[in-house]
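Trainee: Quick one: the structure is below, questions incoming.
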Amino acid sequence: MFRRYPLLLRLVAAALLLWAGTLPAQQLAAVPALTARVTDETGTLSAAQQSSLDIRLADLETRKGSQIAVLIVPTVRPESIEQFSLRVAESWKLGRKGVDDGILLLVAKDDREVRLEVGYGLEGAIPDATANRVIDEFILARFRAGDYAGGVSAGVDRLIGLVDGEPLPEPSPEPARGPAAGLQNILPIIFIVSLVVGNVLRRALGQLPGAAATGAVAGGVTWLLAGVLGLTLFMAAVGFIVGITAGASGGRWASHRRGGTGGGFGGGMG
């Protein structure tokens with residue numbers, strides 16, 4: 001959400017929605033879905049240029065938590081660029097909840113207009129005067145020379161520099177990903193399987209050979225899933241211990257069940 005002046009923006013947005021409701025729906029430009037950090041509906045940017053921008057914006061989000069999105073459309077008519085940008089801002093909700101540190105860079109190419117919507121959390125870093133300078137000195141200066149990609153790139157770089165200079169709450173750590181993260185969910189399963197396999201192998205091979213075979217199975221499965229030698233050796237050791245423990249405790253459980261049941265039958269018959 002973009003709330004430099006929260007109450008005022010809410011009132012303006014409500015007025016715009018009421019005004020928009022009096023017009024046929026087809027007259028308003030549709031707000032595109034937010035599917036990428038860079039959305040170009042004009043074909044102005046090449047795939048490589050969009051990728052370069054995305055890499056820089058993703059890096060900023062990782063380091064600072066702030067989100068910057070670029071939207072290039074042919075036109076925003078019949079609305080003004082201010083009205084359309086507010087609709088986009090309300091729909092996309094850039095920035096972190098409670099921090100409000102999102103920025104929308106909107107380019108209406110055929111209208112020859114540029115707009116920055118800055119979240120309330122970045123008001124200190126990018127006040128209105130600074131936002132106007134970014135547009136005039138970094139973006140429009142290159143647009144006037146026909147260098148649209150250069151203008152967007154320069155504007156994004158300047159915005160990143162401004163955000164970097166602003167003290168913001170640390171971004172939340174990313175959840176663990178990749179094989180190691182998946183293995184965290186698989187390890188308990190390996191442990192449970194070791195209990196079952198250990199009991200079966202102990203009965204088939206004897207206590208010590210069965211425990212060794214259980215360790216080999218646990219280690220082999222871990223190696224196939226993770227390919228980490230240290231973790232494989234650890235799980236092999238765990239499997240061996242589980243095999244020994246399962247063997248000893250398994251005997252006690254079986255003896256208890258047999259003894260308890262036998263005593264009950266004997267008492268009943270007597």
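The values are calculated or read from the model by the stated rules, or taken from the named source; none is laboratory data. Quick caveat, the model's predicted, so the values are computed rather than measured. Backbone-built Cβ (ideal geometry, glycine too); neighbour counts: all protein chains shown. Surface accessibility is based on the protein's heavy atoms, side chains included, excluding ligands, DNA and RNA. Shrake-Rupley method; radii C 1.70, N 1.55, O 1.52, S 1.80 Å.
Trainee: If you check every pair at least six apart or on different chains, which have Cβ atoms under 6 Å apart with a residue in the range 117-131 that is open to solvent by 20 Å² or more (accessible area, probe 1.4 Å) first and a residue that is of a type in the set (Lys, Arg) second?
Mentor: Short answer, once both residue conditions are applied: Tyr120/Arg3; Tyr120/Arg4; Glu123/Arg4.
Trainee: Can you say whether Leu105 is farther than 22 Å from Ala29 by Cα and at pLDDT 95 or above, as far as the supplied structure shows?
Mentor: no
Trainee: Identify all residues within the range 147-165 that are modelled with pLDDT of 95 or more and not in a helix (DSSP H, G or I); write none if there are none.
Mentor: Across the range 147-165, the qualifying residue is only Asp147.
Trainee: How about the range 46-76: which of its residues are surrounded by 15 or more Cβ atoms within 10 Å (Cβ to Cβ), under 16 Å from the mean Cα position of the chain (by Cα), among the aliphatic types (A, V, I, L, M) and assigned to a helix (DSSP H, G or I)?
Mentor: Matches in the range 46-76: Leu57, Leu60.
This table checks each residue for (1) in contact with a Leu (Cβ under 8 Å, 6 or more places away or on another chain); (2) under 29 Å from Gly98 (Cα atoms).
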residue	(1), (2)
Leu28	no, no
Val31	no, yes
Val38	yes, yes
Ala47	no, no
Leu57	no, yes
Glu61	no, yes
Gln67	yes, yes
Thr75	no, no
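Trainee: I'm checking my understanding of the structure. Among residues of the range 105-128 that are closer than 18 Å to Ser153 by Cα and not in a strand (DSSP E or B), which one is nearest to the chain's Cα centre (by Cα)? Outline the logic, then answer.
Mentor: Keep residues of the range 105-128 that are closer than 18 Å to Ser153 by Cα, which gives 105-109, 112-118, 126.
From what is left, the residues that are not in a strand (DSSP E or B) are 109, 112, 126.
Numbers: Lys109: 31, Arg112: 34, Ile126: 26 Å.
Selected residue: Ile126.
Trainee: Between a first residue in the range 156-169 that is within 13 Å of Val134 (Cα to Cα) and a second residue that is assigned to a helix (DSSP H, G or I) and polar (S, T, N, Q), which pairs have beta carbons less than 9 Å apart while being 6 or more apart in sequence or on different chains?
Mentor: Leu162/Thr130
Trainee: Further, regarding this structure: Any chance you could count how many residues in the range 24-45 are in a loop (DSSP other than H, G, I, E, B) and touching a residue at least 12 places away in the same chain (Cβ under 8 Å)?
Mentor: Here the count works out to 11.
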